[in-house]
Amino acid sequence: NNIKTTFPVIPAEARPLSRSLAIRNGIKQHFMAAGFMEAINYSFISKSSCDQLNLPESDPRRLMVEILNPISDEQSVMRTSLVPGLLETMGRNLSVQNRDMKIYEVGTVFFGQGSDDIQPKEVEMLAGLWTGSRVGDSWYTKEEPCDFYDLKGAVEALFGKLCITSATFSALEPEACRYTRPGH
């Protein structure tokens, strides 16, 4: 009972966030403020996802890392793109008649290095998807479908927030993005 109470010498202020974490949080806040919902998909996908995206055999996204003991065939490799997860999320929503979606995902993708002994290359990516109506259903607005310029505006606003001023937008050649249809 005679021992004095002492407190450990720990600074009372919090440590500032790392630059990468602060940027990631800023991206998430921007998209949430723009009405997007965050999607969090598994890092494991089906081996056939590259075929479903019509990726050519030379595409680096085909360098998948196989899981030694997969839960199922639908989760047998590490993802090399966020797109399959977003498209699967969209498909599930469309199957229950939810056409209006604004979703994004910030996540890591994994590229194999050609050998099982070498760790895969991990890259953090951002992907988004907007489908259906430009604004939600309400009694005072008529339904207008979203288009390229809606998504472009959201991306331009993000670039402005991140102080990226040198970005340009151009149409992709059909071979560069085989899983989309020209004009859509």
Given an 8 Å cut-off on Cα distances and at least 6 residues of separation, report the relative contact order of the range 59-137 as a percent.
31
If you fit an axis through the alpha-carbon atoms of helix 148-161 and take the longest principal axis of the Cα set of the chain, what angle between them do you get, 0 to 90°, nearest 10?
20
For the chain, share of DSSP beta bridges that run antiparallel, in % to the nearest 5
90
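Just the accessible area per residue of the chain, please: how many Å² with a 1.4 Å probe?
It amounts to 74 Å² per residue over the chain.
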Can you find, among SER166, SER115, LEU151, the residue farthest towards the positive end of the dipole of the range 77-184? Put +1 on the C-beta of Lys and Arg, -1 on that of Asp and Glu.
LEU151
CD proxy, 222 nm, the chain: helix-only mean residue ellipticity via -39,500 (n - 2.57) per DSSP H run with n ≥ 4, per residue, nearest 500, stands at -7500 deg cm²/dmol
Proximal charge balance of VAL155 [Cβ under 14 Å; K/R count +1, D/E count -1]:
0
Could you work out, for the chain, what percent of all Cα-Cα pairs fall into each 10 Å distance bin, beginning at 0 Å and stopping at the bin that holds the largest distance?
7, 26, 31, 19, 8, 5, 2, 1, 0
Size of the dipole of the chain about the Cα centre, Lys and Arg at +1 and Asp and Glu at -1 on the beta carbon, nothing else charged, in debye to 20?
680
Quick one: compute the contact order of the range 41-98, relative version, from alpha carbon pairs under 8 angstrom and 6+ residues apart, as a percent.
41
Using the Kirkwood radius over C-alpha pairs as Rh, can you work out the diffusion coefficient of the range 36-86 via Stokes-Einstein at 4 °C, viscosity 1.567 mPa s, in µm² per second?
113
Farthest positive-ward along the range 42-99 dipole, Cα basis, beta-carbon charges - from LEU87, ILE45, ASN69
LEU87
What three numbers, in Å, describe the spread of the alpha carbons of the range 40-146 along their principal axes, ordered from the longest?
60, 24, 24
Expressed in angstrom, Rg and Dmax over the Cα atoms of the range 122-184 are 14.8, 46
Once the Cα atoms of helix 19-33 and of the chain are each reduced to a long axis, what angle between those two axes, in degrees from 0 to 90 to the nearest 10, is obtained?
50
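Just how many pairs of Lys in the range 69-184 have C-alpha atoms closer than 23 Å, counting pairs that are eight or more places apart or on different chains?
So the count works out to 5.
Counting pairs of alpha carbon atoms under 8 Å apart in space and at least six apart in sequence, what relative contact order in percent does the chain give?
In percent, rounded to a whole number, it is 18.
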Just to confirm the number: angle between the C-alpha axis of helix 83-95 and the first principal axis of the chain, 0 to 90 degrees, nearest 10?
70
Projected area averaged over all directions for the convex hull of the alpha carbon atoms of the range 92-166, nm², comes out at 8.5
Nearest-20 debye value, the range 122-184 charge dipole, Cβ charges on Lys, Arg, Asp, Glu
120
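The values are calculated or read from the model by the stated rules, or taken from the named source; none is laboratory data. In this text the structure is predicted, and so the values were computed from the model without any measurement. Backbone-built Cβ (ideal geometry, glycine too); neighbour counts: all protein chains shown. Ligands, DNA and RNA are excluded from the accessible area calculation, which covers all protein heavy atoms including side chains. Shrake-Rupley method; radii C 1.70, N 1.55, O 1.52, S 1.80 Å.
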